[in-house]
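To start, the structure itself, in structure tokens.
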Amino acid sequence: MKKLIKTHKKSIKIALGILAAIIIFTLFLNSKNVEFKTTFDQITELDQKYETSFKAEMIGGEAESLINYKHIDAYLEELKLIREEVANNVHSEKTKEEQATLLFIDARAMMLLAQKNYHLGNQYGSKGFAGDIEGFSCSESGYLINTAYYFNLSYSSGLEAYKMLDNLIADYHLIANIGELVGMNKEKPKFFYSLLGNLKTEVARNFIALEEFCFIDMDQGLISPVDPLKYNWVQTDKEAIKESLEDKGLNISYTAE
């Protein structure tokens, strides 16, 4: 009886070993080699589908070129699927080409997020900019808050995209023709020339206006956007501060209650 039990256990171990081998072999057959060129072509196809080009996109300046806002979320969803497919097929110890492929996907996502928030920051027109020649109204502070919020996100995402692209070209350009595909030197993506510093400047201007002229406490920073139509500016004694406004050099108007 004991001999029968031992034989049975041995058979189970053998069966489990064979099953494990089959699973590993099946996974090996189903796995795909990650190639930068394949992912690059997929992203190029998405560019064509959504009428843009990662090589031409640029935030700010006379040569500004942006993806249409209505296409960004759909593009990001498809890009997410591409990344998941790549991530599921990389080795536990990623090869240089696998690292570069994931880096390129992430850089593309950051470029799109930077443009999305740039679009959102511009949606209010002159109302969202304290530095606009027409001046601003503290009763419309919600617009200043939102533009600063979105421009700050655009700046952060844009800077990450810049760093990732720079890292990709600097560290991986000799792998799988990456330098030639992505572009180097005079052929590098126009996104490198984005005027990201201007976004930070506009954020700072809005902050100064909100804190020094509208007396809004911004110590907690830009946590979230607000509803500009419902946002309540805390009214202060306008007459008490009116004398100092001209010295500040800004044209500030107040909406009568």
Among (1) among the small types (G, A, S); (2) outside any helix (DSSP H, G or I); (3) at pLDDT 95 or above, the one test that A161 misses | (2)
Can you confirm whether segment 103-111 contains a residue that is under 30 Å from D219 (Cβ atoms) and modelled with pLDDT of 95 or more?
-> yes
What residue, among those in segment 177-206 that are within 19 Å of the chain's Cα centre (by Cα) and among the small types (G, A, S), is nearest to G61 (Cα to Cα)?
-> S194
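Residues checked against (1) surrounded by 10 or more Cβ atoms within 10 Å (Cβ to Cβ); (2) modelled with pLDDT of 50 or more; (3) of a type in the set (D, E, K, R):
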position	(1), (2), (3)
I22	yes, no, no
S31	yes, yes, no
E35	yes, yes, yes
L46	yes, yes, no
T52	yes, yes, no
A56	yes, yes, no
Determine, yes or no, whether N232 is part of a loop (DSSP other than H, G, I, E, B), modelled with pLDDT of 60 or more and of a type outside the set (F, W, Y).
-> yes
Failed item in (1) assigned to a helix (DSSP H, G or I); (2) closer than 25 Å to T38 by Cβ; (3) of a type outside the set (A, V, I, L, M); (4) out of contact with any helix residue (DSSP H, G or I) (no Cβ under 6 Å at 6 or more places or on another chain), with S126 passing the rest = (2)
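The values are calculated or read from the model by the stated rules, or taken from the named source; none is laboratory data. The structure presented is a predicted model; accordingly, all values stated were derived computationally and were not measured. Virtual Cβ from ideal backbone geometry, glycine too; neighbours counted across all protein chains shown.
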